[in-house]
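Colleague: The structure follows.
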Amino acid sequence: MSVAVVLPLATLACCPSLLYSQQSKPSQYQIEATYLYNFSRFVAWPQQASTAKGGAFGICVLGTDPFGPSLDTILSGENVGGRMLIARRISKAQDASGCQILFVAASEETRLGDILQALDDSSVLTVSDIPEFSKHGGMIQFVMAGDKVRFEVNLKKASDAGLTLSADLLKVAVAVRRDPQPGT
Amino acid sequence: MVRRPSNSIASKLTRMNLLVSAIALVLACSGFVAYDFVSFRLNIVRDLSMQAQLAGSNSVAALVFDDADSADRTVAAFGVSRNVLASRIYDAKGQPFATYLRDRDEKIPAMPQIAAGKDEAYRFEGGHVILAHTILFEGKRSGYILVEQDMERIVERMENYGEIAAVMLGFSLLVVVFVSRFAGRAIANPVVELADAARRVSKDKDYSVRVNSTNEEGELALLVDTFNQMLEQIQQSHQELEKRVQERTAQLVAANKELESFSYSVSHDLRAPLRSIDGFSLALEEDLGDHLTAQAKNYIQRVRAATQRMGMLIDDLLNLSRVTRAEMRKERVDLSGMAKAVASELVRADGERNVEWVIPDGMEAYGDSRLLRIVLDNLLGNAWKYTSKHDHARIEFSQERHNGGYAFYVKDDGAGFDPAYTQRLFGAFQRLHGITEFSGTGIGLATVHRIIHRHGGEVWADGAVEKGATFYFTI
């Protein structure tokens, strides 16, 4: 089936979309960086968490940053509900007080239990591509399905932290955990 | 009750009302349907746009998280609507992302061009509407959705309209028939009565007919009144005319009677003195025969000739007035036999002459035999008389075709007459020849003329000096 799709491509070219990176074949990390930004649109934070730290909306990377400059590129000039999006790199979980979204890099896999415990009381959306991240109390875990980046959601954990995940987001998640996992 | 033929004014009015109503209804229905078609089509587009927007916004998460399966499930929801043929979601780059097809062999149509500054476009194609809508995420274009829907709903609607319109048309026309039956009578009845009255007037000559005038005002009432007035006038003038004709006829009859009795008595009373003159002239001649000089004898003979001529004149005058007064008794008359009888009488009177008679058998006419005998006496007698100066003569009585019937004629080769005087031939006392040349009183042809006219025929003549004459007559 050949379909002639007539689209105003010129309009697209002049305003580069941030949903995907500009390259024709984005890497796994570029896609994950985009998703981090996208999560900001589908998650609602509790009131006090969103007003903290001078109004900026922080997307933080804990550990060794796998994204390089792509995260900064994606976030530059964007805002959520009038709050500027900024990318921050932190080395300790305790520094995450100004973060709304925290990406736990693979380098932190061994300290994962401590990190998650440290964040227990804060309204931070925790995201990682560490295997079994959501099982161990992480909120969103990237998983690879073929060459596509998908994600699992631990809804129980997010709700406990006062976060509201939109139904649309849950719809596209490959798995949604609603009950506390045995053995955690 | 007035008669009502199928082409009467009442049924014409009904038919006209039907036609006008039908045209008005059809036009009105067409207008409504056309308006509804356009507005319903727009409604369908608006409806489809809403569905597309809904499906689009439900696909935003799938688009931004590259989850084609989720988008497939979203567009598959179009399966609920039996009118949606196909739907497809494209990503921001215009690549197909998720597709729904009602039937497997359905084709995805080309996407309508979305104008700059707009986020939607649609077009109608082959009875389908194809609509494209931009999927926005946070004010950014994150994809497109295309939906194709058939127009079955509009076809159904139009069919329903057609049925309703047909029923309404039938019902309305039925109502129109009833209404115009009653309403039409107000116009039709006076006209029908007028026509009826006019027919009676023209057929029965009954001018006393009057049409009942209607209570309403207007052209019809005016027409009826005028018609009645005209009849009134005709009736009056008719009566007046009749009265005048009767008066004139009475006067004429009286005058004619007077004239006839006058001429009869004059002719009759003139005979007595004539007889005296002739008788005493004869006595003179016989008694004084030897004493009279030759000159005196000549005078007496001339007196006697003149009185005898005057006697003949009086006889002819009496004949003429008898011809005018005599009653006609019409019957089949054998003209051939009658002519032969006249001819043989003429020959008996003067057998010395050499005359060839040509009278074919079988000529007949319908008329009064006594009067027709006078006609033949005169015409054949004239022919006999005016050929007397010739050594040899030929006289023919025959008939020929004339104006679809027959004209009889008497033809001779005698003295003839000057055609310039043809008009004077049939007047009384008109003579074209001197008395010394041919004897006669000049009343014969006038008598013929009168008899033929009384039979409703015509008489005319043809001739030239010394070339003979032909007298024609029709009956």
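The values are calculated or read from the model by the stated rules, or taken from the named source; none is laboratory data. What you see is a predicted model, and the numbers here were worked out from it, not measured in a lab. All Cβ positions, glycine included, derive from the backbone under ideal geometry; neighbour counts span all protein chains shown.
Colleague: What is the one condition in (1) under 21 Å from residue B:106 (Cβ atoms); (2) within 12 Å of chain A (Cβ to nearest Cβ) that residue B:84 does not satisfy?
Modeller: Going through the list (1) under 21 Å from residue B:106 (Cβ atoms); (2) within 12 Å of chain A (Cβ to nearest Cβ), residue B:84 breaks only (2).
Colleague: How many residues does region B:416-475 hold that are in a loop (DSSP other than H, G, I, E, B), within 44 Å of the chain's Cα centre (by Cα) and at pLDDT 85 or above? Show your work before the answer.
Modeller: Quick first cut of region B:416-475, residues in a loop (DSSP other than H, G, I, E, B) only: B:416-418, B:425-443, B:455-458, B:464-468, B:474-475.
Checking which are within 44 Å of the chain's Cα centre (by Cα) leaves us with B:425-427, B:455-458, B:474-475.
Cutting the leftovers down to at pLDDT 85 or above gives us B:455-458, B:474-475.
The total comes to 6.
Colleague: Check whether at least one residue in region A:60-69 is under 12 Å from the mean Cα position of the chain (by Cα) and either modelled with pLDDT of 90 or more or within 11 Å of chain B (Cβ to nearest Cβ) (or both), and report yes or no. Full working, then the answer.
Modeller: Let us first name the residues in region A:60-69 that are under 12 Å from the mean Cα position of the chain (by Cα), namely A:60-61.
Still in the list and also either modelled with pLDDT of 90 or more or within 11 Å of chain B (Cβ to nearest Cβ) (or both): A:60-61.
Within region A:60-69 (the criterion being under 12 Å from the mean Cα position of the chain (by Cα) and either modelled with pLDDT of 90 or more or within 11 Å of chain B (Cβ to nearest Cβ) (or both)), the answer is yes, since at least one residue qualifies.
Colleague: Only one of these conditions is not met by residue B:361: (1) in contact with a helix residue (DSSP H, G or I) (Cβ under 8 Å, 6 or more places away or on another chain); (2) assigned to a helix (DSSP H, G or I); (3) surrounded by fewer than 20 Cβ atoms within 10 Å (Cβ to Cβ). Which number is it?
Modeller: Every condition holds for residue B:361 apart from (2).
Colleague: Scan region A:106-121 for residues that are within 19 Å of the chain's Cα centre (by Cα), charged (D, E, K, R) and farther than 21 Å from residue A:67 by Cβ and jot them down.
Modeller: A:120, A:121
Colleague: Here is a follow-up. Please give the number of the condition residue B:426 fails out of (1) touching a strand residue (DSSP E or B) at 6+ places or on another chain (Cβ under 9 Å); (2) touching a residue at least 40 places away in the same chain (Cβ under 8 Å); (3) among the aromatic types (Phe, Trp, Tyr).
Modeller: For residue B:426, the failing item is (2).
Colleague: For region B:326-354, which positions are of a type outside the set (S, T, N, Q), part of a helix (DSSP H, G or I) and under 19 Å from residue B:382 (Cβ atoms)?
Modeller: Passing the criteria: B:335, B:338, B:339, B:340, B:341, B:342, B:343, B:345, B:346, B:347, B:348, B:349.
Colleague: Restricting to region B:105-123, and then to whatever is touching a residue at least 12 places away in the same chain (Cβ under 8 Å) and not in a loop (DSSP other than H, G, I, E, B), can you tell me which residue is surrounded by the most Cβ atoms within 10 Å (Cβ to Cβ)?
Modeller: B:122
Colleague: While we're on this one: Report whether or not residue A:143 is within 12 Å of chain B (Cβ to nearest Cβ) and at pLDDT 90 or above. Working first, answer last.
Modeller: Working: within 12 Å of chain B (Cβ to nearest Cβ): no; at pLDDT 90 or above: yes.
When the stated conditions are applied, residue A:143 does not pass them.
Colleague: Need at least 3 residues that are surrounded by fewer than 19 Cβ atoms within 10 Å (Cβ to Cβ) per element, so show me which helices (runs of 4 or more DSSP H) inside region B:1-86 make the cut, counting only ones lying wholly within it.
Modeller: Details: elements: B:9-58, B:60-64, B:68-76.
Fully inside region B:1-86 and qualifying: B:9-58, B:68-76.
Colleague: Going by the structure shown, is residue B:147 in a helix (DSSP H, G or I) and away from every other protein chain (no Cβ under 14 Å)? Quick ask: steps written out before the conclusion?
Modeller: Details: in a helix (DSSP H, G or I): no; away from every other protein chain (no Cβ under 14 Å): yes.
For residue B:147, the condition - in a helix (DSSP H, G or I) and away from every other protein chain (no Cβ under 14 Å) - is not met.
Colleague: Hey, another quick one. Determine which member of the set B:333, B:342, B:323 is at pLDDT 85 or above, buried (at least 17 other Cβ atoms within 10 Å of the Cβ), out of contact with any strand residue (DSSP E or B) (no Cβ under 6 Å at 6 or more places or on another chain) and closer than 21 Å to residue B:447 by Cα.
Modeller: Working: B:333 fails: out of contact with any strand residue (DSSP E or B) (no Cβ under 6 Å at 6 or more places or on another chain); B:323 fails: at pLDDT 85 or above.
Unique residue meeting the criteria: B:342.
Colleague: Does residue B:152 satisfy the condition of being of a type in the set (Asp, Glu) and in contact (Cβ under 8 Å) with a residue 60 or more places away in the chain?
Modeller: Values: of a type in the set (Asp, Glu): yes; in contact (Cβ under 8 Å) with a residue 60 or more places away in the chain: yes.
Taking the combined requirement at face value, the residue satisfies it.
Colleague: Looking at B:174, B:194, can you tell me which residue is under 30 Å from residue B:17 (Cβ atoms) and at pLDDT below 90? Spell out how you get there, then give the answer.
Modeller: Details: B:174 fails: at pLDDT below 90.
Step by step, each of B:174, B:194 is checked, and only B:194 is under 30 Å from residue B:17 (Cβ atoms) and at pLDDT below 90.
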